[in-house]
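To start, the structure under review is shown below, and the notes come after it.
The values are calculated or read from the model by the stated rules, or taken from the named source; none is laboratory data. Model, not experiment: these values are computed from the prediction. Note that we place each Cβ from the backbone using ideal geometry, even for glycine, and neighbour counts take in every protein chain shown. Quick note on the areas: whole protein, heavy atoms, side chains included, nothing else; ligands and nucleic acids left out. Shrake-Rupley method; radii C 1.70, N 1.55, O 1.52, S 1.80 Å.
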Amino acid sequence: RKEVEQDPGPFNVPEGATVAFNCTYSNSASQSFFWYRQDCRKEPKLLMSVYSSGNEDGRFTAQLNRASQYISLLIRDSKLSDSATYLCVVNLNTGGFKTIFGAGTRLFVKA
Amino acid sequence: DAGVIQSPRHEVTEMGQEVTLRCKPISGHDYLFWYRQTMMRGLELLIYFNNNVPIDDSGMPEDRFSAKMPNASFSTLKIQPSEPRDSAVYFCASSLGSGFRGTYGYTFGSGTRLTVV
């Protein structure tokens, strides 16, 4: 079993739609959680951190469920520019930096 | 801030040649990471430094790979000799490390697209 698992997609949605991605992690020692966005042939960019209390940034909402070991990302009112690969990232509490990147979920937003 | 700066952006080299990739992290970031990304394997951590000291190099594929960080503003990843299977995008990233809410995220450079023929 992979340490961080994501549905690879692709998710094909029309502009204005709401889309949600889930990600599961296997290690209960996981401490910090993030969503990154990666455009084609570009570097990953931090989208948002994910906290137990949940957090929102404009159209984006991230949730963490420690009991079930999954995190989610909700995108409301999708824009064409949201088309990208979304990477789920987990950092383990090992005393050092053990950061696991998921393989990513591809999103295509169409006009 | 200019962000994490990597050079070169593209590198095409022949098998057996030495390749050196360069990275300048964000000033003040204590952690520097080298990643490799391929379609098959995704993002793989090769090595990371804390305050210029290599902490974990368990991801370095083999002895052909070496990394240095002589000072807080510069790091290199060297492949000698290069092989076609080393073809990938190599990313450098830097981070502040940890805060009271956990670890900080990373800022990635634009990457070096390496092709070994």
(request) Restrict the check to the stretch A:53-60 and report whether at least one residue is within 11 Å of chain B (Cβ to nearest Cβ) and open to solvent by 30 Å² or more (accessible area, probe 1.4 Å). (result) yes
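Got a sec? Which of B:105, B:59 is part of a loop (DSSP other than H, G, I, E, B) and either within 11 Å of residue B:32 (Cα to Cα) or within 10 Å of another protein chain (Cβ to nearest Cβ) (or both)?
Of the residues listed, the single one that is part of a loop (DSSP other than H, G, I, E, B) and either within 11 Å of residue B:32 (Cα to Cα) or within 10 Å of another protein chain (Cβ to nearest Cβ) (or both) is B:105.
Look through A:74, A:47 and report the one residue that is without any contact (Cβ under 8 Å) to a residue 60 or more places away in the chain and more than 12 Å from every other protein chain (Cβ to nearest Cβ). Don't jump to the end; show me each part of the working.
Working: A:47 fails: more than 12 Å from every other protein chain (Cβ to nearest Cβ).
Every option except A:74 fails the conditions.
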(request) Give me a count of the residues in the stretch A:73-98 that are of a type in the set (Ser, Thr, Tyr) and open to solvent by 20 Å² or more (accessible area, probe 1.4 Å). (result) 4
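Please state which one of B:86, B:56, B:63 is surrounded by fewer than 15 Cβ atoms within 10 Å (Cβ to Cβ) and charged (D, E, K, R). Let's see the steps before the verdict.
Numbers: B:86 fails: surrounded by fewer than 15 Cβ atoms within 10 Å (Cβ to Cβ); B:56 fails: surrounded by fewer than 15 Cβ atoms within 10 Å (Cβ to Cβ).
On inspection, the qualifying residue turns out to be B:63.
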(request) Kindly indicate the residue of the stretch B:89-102 that is within 11 Å of another protein chain (Cβ to nearest Cβ) and open to solvent by 50 Å² or more (accessible area, probe 1.4 Å) and also farthest from residue B:39 (Cα to Cα) among those meeting that condition. (result) B:101
